[in-house]
Amino acid sequence: MSAEPIAFGDDVPLNPVAPGTNLLVSGPESAGLQSLVHRLIAPRGDDEGLVSIATDSGDEFLREQRRHGGAYDDETTGVVGCESSRGSKELVRSVDGATDLSTISMEFSALADDVGYRTDRLRSGLYAVSPLCASASDMRDVYRFLNNIVSRNRRADGVFVCGIDPDADVGEFGSGNNITKGISMVFQGHVELRDGPTGPEVRVTGLDDQPDGWQSLD
């Protein structure tokens, strides 16, 4: 695994982060939450792979990845979709809904092992965690699920990006803002997204050597 800092595209105002970094990205869909997650997890070289969890169709996730994050290699890009439709590619897996976190975790781990053997570094993502919260009967299951992925990423020296919309439905577990605050404790870094006066803006907390305050997002 590469020990070089992990960089992002020029269209994202984040400095490179240390290998093993886990990022929570929170903000409204209206400000471009989905686009930002896809841009952060976009591979930046032939030595990087991508494995993600999509709470909708895996194929739809890959279409959005290409739209927002650019081109990727089918041989080193995998996704677990939470719709039961069969994926169109070898590395697109599906599970029957967002309630079975154990199966999602197992499928994700298997894909991460597969892609990890083929690449020097793995980027991973979850878009979005809100439906998992809404489907869960116990929030502790969601925290354990996230902790497993975070720990795995830390050991693998990759980067994991998890998106949440604080305004989205999180079921019976109170407000999305409270869930966001709780989940943020699992992650080293928190990227906040908002609709600024002249367009979307981001602010990074919890990480060293990042821009101070709110930064414009192209």
So which residues in region 60-81 are touching a strand residue (DSSP E or B) at 6+ places or on another chain (Cβ under 9 Å) and either open to solvent by less than 30 Å² (accessible area, probe 1.4 Å) or within 23 Å of Ser216 (Cβ to Cβ) (or both)?
-> Phe61, Leu62, Glu64, Gln65, Gly69, Thr76, Thr77, Gly78, Val79, Val80, Gly81
Any idea which residue in region 162-197 is nearest to Phe145 (Cα to Cα), counting only those that are among the charged types (D, E, K, R) and out of contact with any Asp or Glu (no Cβ under 9 Å at 6 or more places or on another chain)?
-> Lys181
Select from region 102-130 the residues that are among the small types (Gly, Ala, Ser) and open to solvent by less than 30 Å² (accessible area, probe 1.4 Å) and write down the one among them that is nearest to Ile6 (Cα to Cα).
-> Ser124
Does Ala7 qualify as being open to solvent by 10 Å² or more (accessible area, probe 1.4 Å) and either modelled with pLDDT of 95 or more or touching a strand residue (DSSP E or B) at 6+ places or on another chain (Cβ under 9 Å) (or both)?
-> yes
Kindly check whether there is at least one residue in region 131-148 that is of a type in the set (A, V, I, L, M, F, W, C), outside any helix (DSSP H, G or I) and either under 14 Å from the mean Cα position of the chain (by Cα) or surrounded by fewer than 22 Cβ atoms within 10 Å (Cβ to Cβ) (or both).
-> yes
Within region 172-182, can one find any residue that is among the aliphatic types (A, V, I, L, M) and over 19 Å from Gly69 (Cβ atoms)?
-> yes
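The values are calculated or read from the model by the stated rules, or taken from the named source; none is laboratory data. Every value quoted in this text rests on a predicted model; they were computed, and no experiment measured them. Cβ sites come from the backbone with ideal geometry, for glycine too, and all protein chains shown count toward neighbours. Heads up: the accessible areas ignore ligands, DNA and RNA and are worked out on the full protein's heavy atoms, side chains in. Shrake-Rupley method; radii C 1.70, N 1.55, O 1.52, S 1.80 Å.
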